[in-house]
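Working notes, structure below.
The values are calculated or read from the model by the stated rules, or taken from the named source; none is laboratory data. Quick caveat, the model's predicted, so the values are computed rather than measured. Neighbour counts run over all protein chains shown; Cβ positions are idealised from the backbone, glycine included. Note: accessible area is taken over every heavy atom of the protein model, side chains too, but ligands, DNA and RNA are not part of it. Shrake-Rupley method; radii C 1.70, N 1.55, O 1.52, S 1.80 Å.
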Amino acid sequence: MTHPDFLWRNPDPKPAYDVVIVGGGGHGLATAYYLAKNHGLTNVAVLERGWLAGGNMARNTTIIRSNYLWDESAAIYEHSLKLWEGLSDELDYDLQFSQRGVLNLAHNLGDVREGRRRVNANRLNGVDAEWLDADEVKKFCPIINVSDRARYPVMGATLQRRGGIAKHDHVAWALARQADAYGVDLIQGCEVTGFEITGGRVTAVETSRGRIAAGKVALAAAGHTSVLAERAGIRLPLQSHPLQALVSELLEPVLDCVVMSNAVHVYVSQAHKGELVMGAGIDAYNSYGQRGGVHVIEAQMAAALELFPIFSRARVLRTWAGIVDVSPDASPIIGPTPVDGLYINAGWGTGGFKATPGSGWVYAHTLAHERPHPLAEPFALDRFTTGALIDEHGAAAVAH
Ligand SMILES: Cc1cc2nc3c(=O)[nH]c(=O)nc-3n(C[C@H](O)[C@H](O)[C@H](O)COP(=O)(O)OP(=O)(O)OC[C@H]3O[C@@H](n4cnc5c(N)ncnc54)[C@H](O)[C@@H]3O)c2cc1C
């Protein structure tokens, strides 16, 4: 039962919870929702140092797809895409989920080979995928410049028709509303500053609003995960980078699909309201400043103009950055840590929005059963010592 006047309560923290989730972005909220819905665990708090979903959840370009190369990745991202397909109904909220198709452009022979290989791998995994030549790309998206005189000519593209976008704020609010309705405490303005660890087990978190005891602690802090884990004595193989995006002024509908290009480093869609939403590659340096360098935005716009000459007179409305947590194999890390009771869900880097429901689903299962969900198992932290890496740099090379 949800409250008619507001989406969630604003409770003070209780002294103790069965599960404390650190980070109130999409992944933290989805985890709380599925903990309650799938596992009946409702003595749960989500602690957010700022305001709910004001981190990467508010800053991403909302591209959703599941066309990753390796079996393990295709399985978890496809699970997520299937959840997206029923999520508006399930949460009783219009998430503006729009399966308008995602193109990944190829600009050289290497891209073409990689794209075709990925289409075949996707089909073997039951993920919809098509290969389009340059003429078919032009037919699917008429405003793309496919001239062979471009600096990086379009030689073809992969197309996932079930891919698309959703409205990120609505996703966060809908998950928050349902989690709250189950009795989960969503606590904003509450920064986790440390962990109480007794006999190798986490027993409480220290926060800007006092000590909170916890049966289990689940990190879902995206770009700040390595900073937090260090306070529990764990060094993670993650690097935090700014990732920038921008929106144009509102335009009439001109683009009805999502276009991504690794080689020229831009990805673009048109939001329901009318803005062109464009993302860049990561800023090369490590940082926690949510701004990023102007030269990156400049290169991103140059790339966009080459692909879409029609954008040349569109004006930029605003630019921003989020802090993304990049792992060495461009795949997430999900599961237990060397500290008993302390769990991690991180490393989604530039591409975790699409995983929001799937990630929450497998993380909640992992927390409830105290062992990894089968889809999460390959993404354990120990793969960086066993060498069983899941290298998704091809599918995830451009931020998205
Ligand atoms: C510009 C940009 C474009 C992107 N585009 C896409 C895209 O098109 N498609 C896609 O799939 N993904 C995309 N991503 C990636 C995606 O946004 C992230 O992978 C995903 O949002 C991460 O999960 P989250 O939503 O839980 O993170 P966040 O929303 O960042 O949540 C983490 C939360 O933890 C909180 N926190 C941190 N430290 C503490 C602490 N000590 N105590 C309490 N709380 C704390 C933060 O305040 C934050 O709210 C993009 C990211 C950016 C920045």
Return yes when I197 is in contact with a strand residue (DSSP E or B) (Cβ under 8 Å, 6 or more places away or on another chain) and within 14 Å of the ligand (Cβ to nearest atom) and no when it is not.
-> no
Within segment 106-132, the residues that are open to solvent by 50 Å² or more (accessible area, probe 1.4 Å) and assigned to a helix (DSSP H, G or I) are L109, R113, E114, R116, R117, N120, R123, L124
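Restricting attention to segment 235-250, which residues are in a loop (DSSP other than H, G, I, E, B) and out of contact with any helix residue (DSSP H, G or I) (no Cβ under 9 Å at 6 or more places or on another chain)?
Of segment 235-250, the ones in a loop (DSSP other than H, G, I, E, B) are 235-238.
None - no residue of segment 235-250 is in a loop (DSSP other than H, G, I, E, B) and out of contact with any helix residue (DSSP H, G or I) (no Cβ under 9 Å at 6 or more places or on another chain), so the list stays empty.
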Enumeration of residues in segment 137-161 that are assigned to a helix (DSSP H, G or I) and either surrounded by 14 or more Cβ atoms within 10 Å (Cβ to Cβ) or of a type in the set (D, E) (or both) | V137, K138, F140
Filtering segment 39-73 down to residues that are more than 15 Å from the ligand (Cβ to nearest atom) and outside the structural domain of G223 (by the TED database) yields L69, W70, D71, E72
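Please specify each residue of segment 365-395 satisfying the condition of being open to solvent by 10 Å² or more (accessible area, probe 1.4 Å) and among the basic types (K, R). So that I can check it myself, show each step before the final result.
Of segment 365-395, the ones open to solvent by 10 Å² or more (accessible area, probe 1.4 Å) are 365, 368-375, 377-378, 380-382, 384-389, 391, 393-394.
Of everything in segment 365-395, just one residue is open to solvent by 10 Å² or more (accessible area, probe 1.4 Å) and among the basic types (K, R), namely R371.
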Quick one: V362 ticks every box in (1) assigned by the TED database to the domain that holds E196; (2) open to solvent by less than 10 Å² (accessible area, probe 1.4 Å); (3) at positive phi bar one, so which box is it?
-> (3)
So, of the residues in segment 344-393 that are aliphatic (A, V, I, L, M) and not in a loop (DSSP other than H, G, I, E, B), which turns out to be farthest from R201 (Cα to Cα)?
-> V362
Would you pick out the residues in segment 89-127 that are within 25 Å of N38 (Cβ to Cβ) and free of Cβ contacts under 8 Å to residues at least 40 places away in the same chain?
-> D89, E90
Expected single match for away from the ligand (no atom under 12 Å from the Cβ), closer than 28 Å to D325 by Cβ and in the same structural domain as S226 (by the TED database) among A36, A30 is A36
Within segment 91-105, identify whether any single residue is in the same structural domain as I344 (by the TED database), away from the ligand (no atom under 16 Å from the Cβ), over 28 Å from A330 (Cβ atoms) and open to solvent by 20 Å² or more (accessible area, probe 1.4 Å), and answer yes or no.
-> no
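Going by the conditions given, is A16 hydrophobic (A, V, I, L, M, F, W, C), in contact with a His (Cβ under 7 Å, 6 or more places away or on another chain) and closer than 30 Å to T193 by Cα?
Details: hydrophobic (A, V, I, L, M, F, W, C): yes; in contact with a His (Cβ under 7 Å, 6 or more places away or on another chain): no; closer than 30 Å to T193 by Cα: yes.
When the stated conditions are applied, A16 does not pass them.
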Tally the residues that are in contact with a Gly (Cβ under 7 Å, 6 or more places away or on another chain), in a strand (DSSP E or B) and of a type outside the set (S, T, Y), restricting the search to segment 324-343.
-> 5
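Can you pull out the strands (runs of 3 or more DSSP E) entirely within segment 164-226 that have at least 2 residues that are surrounded by fewer than 23 Cβ atoms within 10 Å (Cβ to Cβ) and of a type in the set (S, T, N, Q)? Please lay out each step first, then the result.
Values: elements: 185-187, 192-198, 201-207, 210-219.
In segment 164-226, 192-198, 201-207 are the strands (runs of 3 or more DSSP E) which contain 2 or more residues that are surrounded by fewer than 23 Cβ atoms within 10 Å (Cβ to Cβ) and of a type in the set (S, T, N, Q).
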What number of residues in segment 4-50 are free of Cβ contacts under 8 Å to residues at least 12 places away in the same chain and charged (D, E, K, R)?
-> 1
Considering each residue of segment 227-237, count those that are buried (at least 19 other Cβ atoms within 10 Å of the Cβ) and within 12 Å of the ligand (Cβ to nearest atom), and give that number.
-> 3
